[in-house]
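Working notes, structure below.
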Amino acid sequence: SFSVAKSFTSTLVGAAIRDGKIGSLQDPVTAYIPELVGSGYDGVTIEQLLSMTSGVAWNEDYTDPQSDVVKMLSIPVEAGQDPVTAYMKTLKREYAPGTHWEYKTGETNLIGTLVSRATGERLSDYAKRKIVDPAGFAGDLFWMVDSATNNIGGCCLSLRLSDYARMGLFAMDGGKGQVPDGWFAAAGSSQADTGIAGLGYGYQWWVYPGGNYGAQGIFGQAITIFPEQNVVIAAVSNWPVASSRKLTAERLAFFQKLAAGAR
């Protein structure tokens, strides 16, 4: 799935709020991950993590071997340490929280850590109870783990193609009582200006024109939701490059034509 997993992880935040395990989106991240006290994440809220507006500096360049996205899970840590937190607490603040959007896979990994701490469950186990079973998935969910055997919140789950579509239907239907009322309306609405024409960012969902939104992963993975047309389109792909604005725009245009034709 690559980053399609991000939208699953954010949904588990909503589930944890409904279950009373997380107080609110305005809670500080450090209340759940105290190792981040004194780091660039002091004063950052859960909502700012979800919308990727923490203001912490980050390099998401997949072609740069020195980028944060490459190094975050490859640097050894002491036994018993959470590799995500160990790396993320070394990052410096670049902007005031809430003032600047920047795509950061590491922050979704932090969200995964936060949900696991709050619920006392592995992401994969919590997702089975809160997404897989209520949404009626046809198959199992496999979620890759890091060196500490924690599921990687920002990436790397595997499902049947039909179950990626079922995730889209689950979101379009409002979450079948597993998340607070209105959760997906907010999560699928633009919470941050990305600076990219035609693309906003919600709570780990990309926001498209016309009230549409979706999950995206590198090399062309996607779940795209068209609420007005009552259509969900899921795709797994093998693009020749990790990311491409041209290919993303072409895919969205094609999906929009499919959705319009389904009315």
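The values are calculated or read from the model by the stated rules, or taken from the named source; none is laboratory data. None of the values given here were measured: they were computed from a predicted structure. Using ideal geometry, Cβ is built from the backbone for each residue, glycine included, and neighbour counts are taken over all protein chains shown. Heads up: the accessible areas ignore ligands, DNA and RNA and are worked out on the full protein's heavy atoms, side chains in. Shrake-Rupley method; radii C 1.70, N 1.55, O 1.52, S 1.80 Å.
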Selection status of LEU36, under 26 Å from SER189 (Cα atoms) and open to solvent by less than 30 Å² (accessible area, probe 1.4 Å): no
Matching residues, region 1-33, being open to solvent by less than 40 Å² (accessible area, probe 1.4 Å), closer than 23 Å to GLY182 by Cβ, assigned to a loop (DSSP other than H, G, I, E, B) and touching a Ser or Thr at 6+ places or on another chain (Cβ under 7 Å): LEU25, ASP27
Residue within region 131-146 that is in contact (Cβ under 8 Å) with a residue 40 or more places away in the chain and more than 17 Å from SER10 (Cα to Cα) present: yes
Failed criterion for ILE223 (all others in (1) of a type in the set (A, V, I, L, M); (2) surrounded by 21 or more Cβ atoms within 10 Å (Cβ to Cβ); (3) closer than 17 Å to GLU107 by Cα hold): (3)
The listed residue being within 15 Å of VAL4 (Cβ to Cβ) and within 17 Å of the chain's Cα centre (by Cα), out of TRP183, TRP206: TRP206
Some residue of region 126-148 being at positive phi and open to solvent by 60 Å² or more (accessible area, probe 1.4 Å): no
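Would you point out the residue of region 73-106, among those that are in a loop (DSSP other than H, G, I, E, B) and of a type in the set (D, E, K, R), that is farthest from GLN48 (Cα to Cα)? Let's see the steps before the verdict.
Our first condition is that a residue be in a loop (DSSP other than H, G, I, E, B); within region 73-106, this holds for 73-82, 89-92, 94-104.
If we keep only those that are of a type in the set (D, E, K, R) as well, we get 78, 82, 89, 92, 94, 102, 104.
Numbers: GLU78: 29, ASP82: 22, LYS89: 16, LYS92: 16, GLU94: 14, GLU102: 11, LYS104: 12 Å.
Applying the filter and picking the extreme gives GLU78.
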So SER39, is it in contact (Cβ under 8 Å) with a residue 24 or more places away in the chain and over 17 Å from the mean Cα position of the chain (by Cα): yes
